[in-house]
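See structure below.
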Amino acid sequence: MAQLIDGKAIAALIRAEQATRAAHLKENGIEPALAVILVGEDPASKVYVRNKARACKECGIRSEVIRMSAETTQAELMAEIERVNSDPALHGLLIQLPLPAHLDEAAALAAVDWRKDVDGFHKMNAGALLEGEEGVRPCTSAGCMELLRRSHVPLTGAKAVVVGRSNIVGKPMALMLLEANCTVTICHSRTRNLADIVKNADIVVAAVGRANFITGDMIKPGAAVIDVGINRREDGTLCGDVDFDAAQEKAGWITPVPGGVGPMTIAMLMKNTLDAAEKHGR
Ligand code: NDP
(Lines give C-alpha, C1' and ligand atoms only; values in the text may rest on other atoms or scores of the structure.)
Protein backbone atom coordinates (compact mmCIF):
# COMPACT_ATOMS: atom_id res chain seq x y z
CA MET A 1 0.00 0.00 0.00
CA ALA A 2 1.39 3.37 -1.04
CA GLN A 3 2.45 6.09 1.35
CA LEU A 4 -0.01 8.95 0.93
CA ILE A 5 1.70 12.24 0.08
CA ASP A 6 -0.34 14.75 2.05
CA GLY A 7 -0.19 17.88 -0.09
CA LYS A 8 -2.50 19.74 2.24
CA ALA A 9 -0.17 19.24 5.21
CA ILE A 10 3.01 19.96 3.25
CA ALA A 11 1.43 23.09 1.74
CA ALA A 12 0.49 24.29 5.25
CA LEU A 13 4.14 23.87 6.30
CA ILE A 14 5.33 25.85 3.29
CA ARG A 15 2.80 28.63 3.97
CA ALA A 16 4.05 28.80 7.56
CA GLU A 17 7.63 29.14 6.25
CA GLN A 18 6.49 31.99 4.00
CA ALA A 19 4.72 33.72 6.91
CA THR A 20 8.06 33.80 8.76
CA ARG A 21 9.79 35.30 5.71
CA ALA A 22 7.01 37.88 5.31
CA ALA A 23 7.37 38.93 8.95
CA HIS A 24 11.14 39.44 8.46
CA LEU A 25 10.53 41.56 5.39
CA LYS A 26 8.03 43.71 7.23
CA GLU A 27 10.58 44.26 10.02
CA ASN A 28 12.79 45.66 7.27
CA GLY A 29 10.08 47.99 6.00
CA ILE A 30 8.89 45.94 3.03
CA GLU A 31 5.31 44.70 2.95
CA PRO A 32 5.23 41.84 0.43
CA ALA A 33 2.35 42.31 -1.99
CA LEU A 34 0.77 40.34 -4.82
CA ALA A 35 -1.52 41.75 -7.52
CA VAL A 36 -3.96 39.37 -9.20
CA ILE A 37 -5.75 40.38 -12.39
CA LEU A 38 -9.06 38.60 -12.90
CA VAL A 39 -10.86 39.30 -16.17
CA GLY A 40 -14.46 38.17 -16.56
CA GLU A 41 -16.76 35.96 -14.56
CA ASP A 42 -15.38 32.42 -14.93
CA PRO A 43 -16.64 30.70 -11.74
CA ALA A 44 -13.60 28.40 -11.36
CA SER A 45 -11.23 31.36 -11.79
CA LYS A 46 -13.13 33.28 -9.11
CA VAL A 47 -12.67 30.38 -6.68
CA TYR A 48 -8.94 30.13 -7.47
CA VAL A 49 -8.47 33.87 -6.98
CA ARG A 50 -10.35 33.77 -3.68
CA ASN A 51 -8.16 30.88 -2.48
CA LYS A 52 -5.01 32.75 -3.49
CA ALA A 53 -6.12 35.88 -1.64
CA ARG A 54 -6.90 33.78 1.43
CA ALA A 55 -3.45 32.16 1.33
CA CYS A 56 -1.85 35.62 1.01
CA LYS A 57 -3.66 36.77 4.12
CA GLU A 58 -2.49 33.71 6.05
CA CYS A 59 1.13 34.33 4.99
CA GLY A 60 1.12 38.07 5.73
CA ILE A 61 1.22 39.04 2.05
CA ARG A 62 -0.94 41.97 0.99
CA SER A 63 -3.05 41.01 -2.00
CA GLU A 64 -4.71 43.32 -4.47
CA VAL A 65 -7.32 41.66 -6.67
CA ILE A 66 -7.95 43.70 -9.81
CA ARG A 67 -11.33 42.69 -11.22
CA MET A 68 -11.93 43.61 -14.85
CA SER A 69 -15.11 43.08 -16.84
CA ALA A 70 -15.49 40.32 -19.46
CA GLU A 71 -15.60 43.09 -22.09
CA THR A 72 -12.15 44.44 -21.16
CA THR A 73 -10.12 45.35 -24.25
CA GLN A 74 -6.54 44.25 -24.82
CA ALA A 75 -5.43 47.89 -24.44
CA GLU A 76 -7.16 48.20 -21.07
CA LEU A 77 -5.60 44.94 -19.88
CA MET A 78 -2.14 46.00 -21.04
CA ALA A 79 -2.54 49.36 -19.28
CA GLU A 80 -3.41 47.60 -16.03
CA ILE A 81 -0.40 45.28 -16.36
CA GLU A 82 1.79 48.34 -16.95
CA ARG A 83 0.35 50.06 -13.89
CA VAL A 84 1.25 47.07 -11.68
CA ASN A 85 4.67 46.72 -13.34
CA SER A 86 5.55 50.28 -12.42
CA ASP A 87 4.23 50.16 -8.84
CA PRO A 88 7.20 49.41 -6.56
CA ALA A 89 4.83 48.45 -3.72
CA LEU A 90 3.57 45.42 -5.73
CA HIS A 91 6.13 42.60 -5.94
CA GLY A 92 4.18 39.94 -7.79
CA LEU A 93 1.67 40.01 -10.63
CA LEU A 94 -0.48 37.08 -11.60
CA ILE A 95 -2.92 37.08 -14.48
CA GLN A 96 -5.59 34.50 -13.76
CA LEU A 97 -5.98 32.20 -16.77
CA PRO A 98 -7.85 31.53 -18.92
CA LEU A 99 -8.54 35.04 -20.20
CA PRO A 100 -11.73 35.60 -22.22
CA ALA A 101 -11.23 34.34 -25.79
CA HIS A 102 -11.00 37.79 -27.40
CA LEU A 103 -7.88 38.65 -25.39
CA ASP A 104 -4.33 37.73 -26.41
CA GLU A 105 -3.05 35.66 -23.50
CA ALA A 106 0.52 35.36 -24.79
CA ALA A 107 0.82 39.13 -25.23
CA ALA A 108 -0.51 39.71 -21.71
CA LEU A 109 1.92 37.23 -20.15
CA ALA A 110 4.81 38.71 -22.12
CA ALA A 111 3.94 42.19 -20.83
CA VAL A 112 4.35 41.22 -17.17
CA ASP A 113 7.65 42.47 -15.74
CA TRP A 114 9.58 39.18 -15.46
CA ARG A 115 10.77 40.18 -11.98
CA LYS A 116 7.10 40.22 -10.89
CA ASP A 117 6.17 37.06 -12.83
CA VAL A 118 5.32 34.89 -9.83
CA ASP A 119 3.66 32.31 -12.10
CA GLY A 120 6.96 31.69 -13.88
CA PHE A 121 5.26 31.88 -17.31
CA HIS A 122 7.30 34.76 -18.77
CA LYS A 123 9.77 33.73 -21.47
CA MET A 124 12.65 35.05 -19.35
CA ASN A 125 11.75 32.60 -16.60
CA ALA A 126 10.89 29.79 -19.02
CA GLY A 127 14.27 30.37 -20.66
CA ALA A 128 16.04 30.33 -17.30
CA LEU A 129 14.46 26.97 -16.52
CA LEU A 130 15.47 25.60 -19.92
CA GLU A 131 19.05 26.70 -19.40
CA GLY A 132 19.22 25.58 -15.76
CA GLU A 133 19.63 29.11 -14.46
CA GLU A 134 18.06 30.74 -11.46
CA GLY A 135 14.57 32.11 -12.14
CA VAL A 136 10.95 31.83 -11.11
CA ARG A 137 9.76 28.25 -11.48
CA PRO A 138 6.08 27.62 -12.37
CA CYS A 139 4.07 26.97 -9.23
CA THR A 140 2.46 23.61 -10.04
CA SER A 141 5.61 21.84 -11.18
CA ALA A 142 7.62 23.44 -8.36
CA GLY A 143 4.94 22.14 -5.99
CA CYS A 144 5.25 18.62 -7.41
CA MET A 145 9.03 18.74 -6.89
CA GLU A 146 8.53 19.82 -3.27
CA LEU A 147 6.14 16.90 -2.74
CA LEU A 148 8.74 14.48 -4.12
CA ARG A 149 11.62 15.99 -2.15
CA ARG A 150 9.79 16.29 1.16
CA SER A 151 8.59 12.69 0.78
CA HIS A 152 12.21 11.60 0.17
CA VAL A 153 11.46 10.01 -3.18
CA PRO A 154 14.84 9.17 -4.78
CA LEU A 155 15.31 11.41 -7.81
CA THR A 156 18.84 11.02 -9.15
CA GLY A 157 18.83 8.50 -11.98
CA ALA A 158 15.13 7.72 -11.52
CA LYS A 159 13.04 7.11 -14.63
CA ALA A 160 10.38 9.83 -14.65
CA VAL A 161 7.44 9.92 -17.04
CA VAL A 162 5.40 13.10 -17.42
CA VAL A 163 2.06 12.66 -19.16
CA GLY A 164 1.07 16.02 -20.66
CA ARG A 165 3.19 18.65 -22.40
CA SER A 166 1.48 21.97 -21.72
CA ASN A 167 3.59 25.08 -21.15
CA ILE A 168 1.92 25.49 -17.77
CA VAL A 169 2.47 22.02 -16.32
CA GLY A 170 3.93 19.25 -18.47
CA LYS A 171 6.96 20.96 -20.02
CA PRO A 172 8.21 22.76 -16.89
CA MET A 173 7.62 19.58 -14.91
CA ALA A 174 9.80 17.58 -17.29
CA LEU A 175 12.54 20.21 -17.15
CA MET A 176 12.49 20.34 -13.35
CA LEU A 177 12.74 16.55 -13.11
CA LEU A 178 15.65 16.71 -15.54
CA GLU A 179 17.24 19.42 -13.39
CA ALA A 180 16.93 16.96 -10.48
CA ASN A 181 18.84 14.37 -12.54
CA CYS A 182 15.92 12.13 -13.43
CA THR A 183 15.83 10.41 -16.82
CA VAL A 184 12.72 11.99 -18.28
CA THR A 185 10.17 10.88 -20.87
CA ILE A 186 7.31 13.14 -21.91
CA CYS A 187 4.09 11.55 -23.19
CA HIS A 188 1.26 13.31 -25.01
CA SER A 189 -1.76 12.59 -27.17
CA ARG A 190 0.38 11.26 -30.06
CA THR A 191 2.50 8.95 -27.92
CA ARG A 192 2.54 5.31 -28.98
CA ASN A 193 2.42 2.57 -26.33
CA LEU A 194 1.83 5.05 -23.53
CA ALA A 195 0.89 2.32 -21.05
CA ASP A 196 4.21 0.49 -21.63
CA ILE A 197 6.17 3.69 -21.10
CA VAL A 198 4.36 4.52 -17.87
CA LYS A 199 4.84 0.93 -16.65
CA ASN A 200 8.61 1.52 -16.59
CA ALA A 201 8.45 4.73 -14.59
CA ASP A 202 9.83 5.16 -11.09
CA ILE A 203 8.04 8.51 -11.00
CA VAL A 204 4.79 9.24 -12.87
CA VAL A 205 3.40 12.75 -13.13
CA ALA A 206 -0.07 12.85 -14.70
CA ALA A 207 -1.16 16.23 -16.14
CA VAL A 208 -3.74 15.30 -18.74
CA GLY A 209 -7.16 16.37 -17.51
CA ARG A 210 -8.96 13.03 -17.92
CA ALA A 211 -10.38 10.99 -15.05
CA ASN A 212 -8.95 7.48 -14.63
CA PHE A 213 -6.50 7.98 -17.49
CA ILE A 214 -3.68 6.30 -15.56
CA THR A 215 -4.91 2.88 -14.53
CA GLY A 216 -3.56 0.66 -11.78
CA ASP A 217 -1.97 -1.81 -14.20
CA MET A 218 0.25 0.99 -15.59
CA ILE A 219 1.94 1.58 -12.23
CA LYS A 220 5.31 -0.04 -11.57
CA PRO A 221 5.40 -1.49 -8.04
CA GLY A 222 6.92 1.08 -5.69
CA ALA A 223 6.61 4.03 -8.09
CA ALA A 224 5.87 7.58 -6.96
CA VAL A 225 2.62 8.82 -8.50
CA ILE A 226 1.93 12.55 -8.65
CA ASP A 227 -1.55 13.39 -9.91
CA VAL A 228 -1.87 16.95 -11.20
CA GLY A 229 -5.21 16.44 -12.95
CA ILE A 230 -8.38 18.08 -11.73
CA ASN A 231 -11.56 16.56 -13.16
CA ARG A 232 -15.14 16.87 -12.07
CA ARG A 233 -17.18 13.68 -11.81
CA GLU A 234 -20.86 13.63 -12.76
CA ASP A 235 -21.81 13.86 -9.09
CA GLY A 236 -19.83 17.11 -8.80
CA THR A 237 -16.92 15.69 -6.78
CA LEU A 238 -13.30 16.14 -7.89
CA CYS A 239 -10.85 13.49 -9.00
CA GLY A 240 -7.45 13.39 -10.66
CA ASP A 241 -6.11 11.63 -13.75
CA VAL A 242 -5.09 8.50 -11.85
CA ASP A 243 -7.35 5.64 -10.80
CA PHE A 244 -6.40 6.28 -7.18
CA ASP A 245 -7.83 3.12 -5.57
CA ALA A 246 -6.09 0.76 -7.98
CA ALA A 247 -2.85 2.75 -8.16
CA GLN A 248 -2.37 3.02 -4.42
CA GLU A 249 -2.23 -0.79 -4.21
CA LYS A 250 0.94 -0.76 -6.32
CA ALA A 251 2.60 2.61 -5.86
CA GLY A 252 5.23 3.45 -3.26
CA TRP A 253 3.94 7.00 -2.88
CA ILE A 254 0.79 8.65 -4.23
CA THR A 255 -0.91 12.05 -4.07
CA PRO A 256 -4.68 12.27 -3.57
CA VAL A 257 -7.04 14.60 -5.47
CA PRO A 258 -8.13 16.81 -3.84
CA GLY A 259 -5.47 17.47 -1.21
CA GLY A 260 -2.37 16.67 -3.25
CA VAL A 261 -0.89 18.99 -5.87
CA GLY A 262 -3.66 21.64 -5.72
CA PRO A 263 -2.75 23.19 -2.34
CA MET A 264 0.93 23.06 -3.32
CA THR A 265 0.35 25.27 -6.37
CA ILE A 266 -0.92 28.05 -4.12
CA ALA A 267 1.80 27.50 -1.51
CA MET A 268 4.48 27.84 -4.20
CA LEU A 269 2.81 31.02 -5.43
CA MET A 270 3.31 32.40 -1.93
CA LYS A 271 6.95 31.33 -2.04
CA ASN A 272 7.49 32.93 -5.46
CA THR A 273 5.92 36.17 -4.19
CA LEU A 274 8.23 36.24 -1.16
CA ASP A 275 11.21 35.47 -3.41
CA ALA A 276 10.26 38.45 -5.61
CA ALA A 277 9.76 40.75 -2.63
CA GLU A 278 13.11 39.70 -1.12
CA LYS A 279 15.00 40.11 -4.39
CA HIS A 280 13.40 43.22 -5.82
CA GLY A 281 11.35 44.80 -3.02
CA ARG A 282 12.08 48.22 -1.65
P1 NDP B 1 -3.73 20.95 -21.18
O2 NDP B 1 -5.08 20.60 -21.69
O3 NDP B 1 -3.09 22.22 -21.61
O4 NDP B 1 -2.71 19.77 -21.52
C5 NDP B 1 -3.11 18.44 -21.43
C6 NDP B 1 -2.00 17.56 -21.94
O7 NDP B 1 -2.48 16.21 -21.89
C8 NDP B 1 -1.63 17.85 -23.40
O9 NDP B 1 -0.22 17.91 -23.52
C10 NDP B 1 -2.21 16.68 -24.16
O11 NDP B 1 -1.43 16.24 -25.27
C12 NDP B 1 -2.20 15.59 -23.12
N13 NDP B 1 -3.22 14.60 -23.45
C14 NDP B 1 -4.53 14.82 -23.71
N15 NDP B 1 -5.13 13.65 -24.05
C16 NDP B 1 -4.18 12.71 -24.03
C17 NDP B 1 -4.16 11.33 -24.31
N18 NDP B 1 -5.25 10.68 -24.69
N19 NDP B 1 -3.00 10.66 -24.19
C20 NDP B 1 -1.88 11.30 -23.81
N21 NDP B 1 -1.82 12.61 -23.52
C22 NDP B 1 -2.96 13.31 -23.64
O23 NDP B 1 -3.87 20.90 -19.61
P24 NDP B 1 -2.91 21.49 -18.43
O25 NDP B 1 -1.54 21.01 -18.61
O26 NDP B 1 -3.17 22.92 -18.25
O27 NDP B 1 -3.58 20.75 -17.19
C28 NDP B 1 -3.60 19.34 -17.07
C29 NDP B 1 -4.49 18.96 -15.91
O30 NDP B 1 -3.93 19.48 -14.72
C31 NDP B 1 -5.91 19.52 -15.96
O32 NDP B 1 -6.78 18.58 -15.37
C33 NDP B 1 -5.85 20.76 -15.11
O34 NDP B 1 -7.09 21.09 -14.53
C35 NDP B 1 -4.87 20.30 -14.05
N36 NDP B 1 -4.14 21.38 -13.39
C37 NDP B 1 -4.02 21.29 -12.04
C38 NDP B 1 -3.32 22.23 -11.34
C39 NDP B 1 -3.20 22.07 -9.88
O40 NDP B 1 -2.84 23.01 -9.21
N41 NDP B 1 -3.44 20.87 -9.33
C42 NDP B 1 -2.70 23.38 -12.00
C43 NDP B 1 -2.83 23.36 -13.45
C44 NDP B 1 -3.53 22.38 -14.09
P45 NDP B 1 -1.25 17.13 -26.61
O46 NDP B 1 -0.26 18.21 -26.24
O47 NDP B 1 -0.70 16.17 -27.59
O48 NDP B 1 -2.59 17.67 -26.96
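The values are calculated or read from the model by the stated rules, or taken from the named source; none is laboratory data. Because the structure is predicted, anything quoted here is derived from the model rather than measured. Positions of Cβ are generated from backbone atoms using ideal geometry, with glycine treated the same way; all protein chains shown enter the neighbour counts. Note: areas computed on protein heavy atoms with side chains; ligands, DNA, RNA excluded. Shrake-Rupley method; radii C 1.70, N 1.55, O 1.52, S 1.80 Å.
Counted over segment 126-276, the DSSP beta bridges are approximately 10% antiparallel. Rounded to the nearest 20, the size of the Cβ-charge dipole of the chain about its Cα centre is 400 debye, with Lys and Arg at +1 and Asp and Glu at -1. The heavy atoms of Ser63 offer some 40 square angstrom of accessible surface to a 1.4 angstrom probe. What residue among Ile197, Cys239, Val184 has its Cα farthest toward the positive end of the dipole of segment 173-282, where the charges are +1 on Lys, Arg and -1 on Asp, Glu, each on the Cβ? Result: Val184. Extension gain, Ala19-Ser166: 0.36 nm per intervening residue step, less the Cα-Cα distance, totals 49.8 nm. Between amide H atoms placed 1.01 Å from N, distances below 5 Å from Thr183 occur with Gly157, Ala158, Lys159, Ala160, all of them 5 or more places distant or on a separate chain.
For segment 141-280, the dipole from Cβ point charges (+1 on Lys and Arg, -1 on Asp and Glu) about the Cα centre works out to 380 debye, to the nearest 20. The residue among Val47, Ile168, Thr215 whose Cα reaches farthest toward the positive pole of the charge dipole of the chain, with charges on the beta-carbon of Lys, Arg, Asp and Glu, is Thr215.
Hull volume per residue, based on the alpha-carbon atoms of the chain and their convex hull, is 127 Å³. Charged side chains reduced to their Cβ positions (Lys and Arg at +1, Asp and Glu at -1) give segment 7-72 a dipole of some 240 debye around its Cα centre.
Note that segment 203-282 presents 42 Å² accessible area per residue, ligands and nucleic acids not counted, probe 1.4 Å. The order of Met218, Met264, Met124 by accessible area, most exposed first and with a 1.4 Å probe, is Met124, Met218, Met264.
Applying a DSSP loop filter and a limit of 10 other Cβ atoms within 10 Å to the GluC sites (Glu not before Pro) in segment 187-282 leaves Glu234. Annotation: His152 carries an accessible surface of approximately 150 Å², with a 1.4 Å probe and no ligand, DNA or RNA atoms counted.
Residues whose amide H lies under 5 Å from that of Met68, counting only those 5 or more places away or on a different chain, are Leu38, Val39, Gly40; hydrogens are built 1.01 Å from N in the peptide plane. Pull up the DSSP beta bridges for the chain and report the antiparallel fraction as a percent, rounded to 5. In the chain, approximately 5 percent of DSSP beta bridges are antiparallel ones.
Of the solvent-accessible surface of segment 26-162, computed with a 1.4 Å probe and all protein chains present, 54% belongs to carbon and sulfur. For the chain, the mean residue ellipticity at 222 nm estimated from helices alone is -13000 deg cm²/dmol, where every DSSP H run of n ≥ 4 contributes -39500 (n - 2.57) and the total is divided by all residues, rounded to the nearest 500. Between the amide H of Ala251 and those of Ala2, Gly222, distances stay under 5 Å, these residues lying 5 or more places away or on another chain, with hydrogens modeled in the peptide plane. Once the Cα atoms of helix 261-280 and of the chain are each reduced to a long axis, what angle between those two axes, in degrees from 0 to 90 to the nearest 10, is obtained? That works out to roughly 40 degrees. Computing FRET efficiency as 1/(1 + (r/R0)^6) for Glu64 and Lys279, where r is the C-beta to C-beta distance and R0 is 25 Å, gives about 0.80. In summary, the lysines within cross-link reach of Lys26, defined as a Cα separation below 23 angstrom excluding same-chain residues under 8 places away, comprise Lys52, Lys57, Lys116, Lys271, Lys279. I'd like the orientation of helix 7-27 relative to the chain: the angle between its Cα long axis and the longest Cα principal axis, in ° from 0 to 90, rounded to 10. The angle comes out at about 30 degrees.
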